[in-house]
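Engineer: Encoded as structure tokens, here's the structure I'll be asking about.
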Amino acid sequence: MWWEYITYFINATVLAAALRMATPLIFASMGGIFSERSGVINIGLEGMMLTGAFMGMLVTFYTNNPWIGLMGALLSGGIVGMVHAVAAVRYKVDQVVSGTAINIFAVGFTVFMLRTIFDVAGTSPAVPRIRTVALPIVRHIPVVGEIIGYQNPMVYMALILVVVVHIFLFHTVWGLRLRSVGEHPKAADTVGINVFLTRYVAVITSGALAGLGGAYLSIAHLSRFGDEMTAGRGFIALAAMIFGKWTPFGALGAALLFGFADAVQMRLQEVGIPRHFVQMIPYILTMVALAGFIGRATPPKSIGKPYEKE
């Protein structure tokens, strides 16, 4: 009997769903790594994701092409990231306050624009979405093929992104410079690294990647935008980044864990457990993970500290 319960919640179908649920978290957490490795806290991931979700849908609506919509989400997320960068780097605003303001603004902006452009409240009209694809050889591999053999292209993009970010951070000169700015900006400045420019680029990149995570929700996972559709995923991505010790593969593992919790809560709804109760599971797991782990996680030494050039 117990084995039946285990296989009901841990099987190829659930793991495939976990990978889909983890995808927006992967994009946003990779963005968070860029920003925070440079020394800038990015609480605004939620707002950047929400903006990307809306703009991805909007550009897709007018172009009828979700891939162009994806570029719109990338650009809009980068613009919001630039706002955060200017506030945090140029004007040295408290980075938590700046990120929080972005989150609040994004909610109001997307609701206002949805009602102004489409004259609807809550949900946008349906738009074309990025369709799932089958990997020719992988899909025929037992179990593995069921999990990753038939997924949305953005799922594969997210997994490739993790590898690219890891190589960039730990195996390139540019990655070393980025990390040095987040650890010892004064020392980095001394050897000729432009601290301000590095942080600008990192935070803008962070916003762009978070925008892609939001676009996944509106034009890949679904085919429409809904009010506050990110539903706290930006904060969960932030938790995944911390849980993963600001490393790409660590954040990937944490995102998959939270994605699995999301997939399990959908399974629990099928067995009659109240929907509102089981929907709390991913968020409870996030709080438990952070409460038990954040004390042992060591962030970049200069995170949250504006740099004053002498």
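The values are calculated or read from the model by the stated rules, or taken from the named source; none is laboratory data. This is a predicted model, so every value here is computed, not measured. Cβ sites come from the backbone with ideal geometry, for glycine too, and all protein chains shown count toward neighbours.
Engineer: Please pick out the residue among Thr60, Thr23 that is of a type in the set (Ser, Thr, Tyr), touching a Pro at 6+ places or on another chain (Cβ under 8 Å) and crowded, with 22+ Cβ neighbours inside 10 Å. Even if it seems obvious, please write down each step before you answer.
Structural biologist: Values: Thr23 fails: touching a Pro at 6+ places or on another chain (Cβ under 8 Å).
Checking each option against the conditions leaves just Thr60.
Engineer: Next up: I need a count of the residues in segment 164-200 that are of a type in the set (A, V, I, L, M) and in contact (Cβ under 8 Å) with a residue 12 or more places away in the chain. Please lay out each step first, then the result.
Structural biologist: Taking segment 164-200 as the starting set, the residues that turn out to be of a type in the set (A, V, I, L, M) are 164-165, 167, 169, 173, 176, 178, 181, 187-188, 191, 193, 195, 197.
Pick out the ones that are also in contact (Cβ under 8 Å) with a residue 12 or more places away in the chain and you get 165, 169, 178, 181, 193, 195.
Result for segment 164-200: 6.
Engineer: If you take the residues in segment 201-240 that are surrounded by 24 or more Cβ atoms within 10 Å (Cβ to Cβ) and over 24 Å from Gln151 (Cα atoms), which one is modelled with the lowest pLDDT? Steps first, answer last, please.
Structural biologist: Step one: list which residues in segment 201-240 are surrounded by 24 or more Cβ atoms within 10 Å (Cβ to Cβ), which gives 202-203, 206-220, 225, 230, 233-234, 236-240.
With over 24 Å from Gln151 (Cα atoms) added as a condition, the list becomes 202-203, 206-207, 238-239.
Working: Ala202: 97, Val203: 98, Ser206: 97, Gly207: 97, Leu238: 93, Ala239: 89.
Selected residue: Ala239.
Engineer: A follow-up question, please. What is the residue count in segment 280-309 for residues that are surrounded by fewer than 16 Cβ atoms within 10 Å (Cβ to Cβ) and either polar (S, T, N, Q) or at pLDDT 70 or above (or both)?
Structural biologist: The total comes to 10.
Engineer: Let me ask another. Against the conditions (1) more than 26 Å from Pro153 (Cβ to Cβ); (2) of a type in the set (Val, Ile, Thr); (3) in contact with a Gly (Cβ under 8 Å, 6 or more places away or on another chain), where does Thr230 fall short? Just the number, please.
Structural biologist: (1)
Engineer: Let me ask another. Identify the single condition in (1) closer than 30 Å to Lys309 by Cα; (2) part of a helix (DSSP H, G or I); (3) more than 17 Å from the chain's Cα centre (by Cα) that Val93 does not satisfy, given that it satisfies every other one.
Structural biologist: (2)
Engineer: Quick one: is Gly39 under 24 Å from Ile236 (Cα atoms), part of a loop (DSSP other than H, G, I, E, B) and modelled with pLDDT of 95 or more? Let's see the steps before the verdict.
Structural biologist: On the way: under 24 Å from Ile236 (Cα atoms): yes; part of a loop (DSSP other than H, G, I, E, B): yes; modelled with pLDDT of 95 or more: yes.
Considered against the rule, which asks whether it is under 24 Å from Ile236 (Cα atoms), part of a loop (DSSP other than H, G, I, E, B) and modelled with pLDDT of 95 or more, Gly39 comes out as yes.
Engineer: Could you count how many residues in segment 111-152 are part of a helix (DSSP H, G or I), surrounded by fewer than 15 Cβ atoms within 10 Å (Cβ to Cβ) and under 24 Å from the mean Cα position of the chain (by Cα)?
Structural biologist: Summing the residues that are part of a helix (DSSP H, G or I), surrounded by fewer than 15 Cβ atoms within 10 Å (Cβ to Cβ) and under 24 Å from the mean Cα position of the chain (by Cα) in segment 111-152 gives 1.
Engineer: Suppose the filter is under 18 Å from the mean Cα position of the chain (by Cα) and surrounded by 15 or more Cβ atoms within 10 Å (Cβ to Cβ); does Thr198 pass it? Can you show your working first?
Structural biologist: Values: under 18 Å from the mean Cα position of the chain (by Cα): no; surrounded by 15 or more Cβ atoms within 10 Å (Cβ to Cβ): yes.
In short, no.
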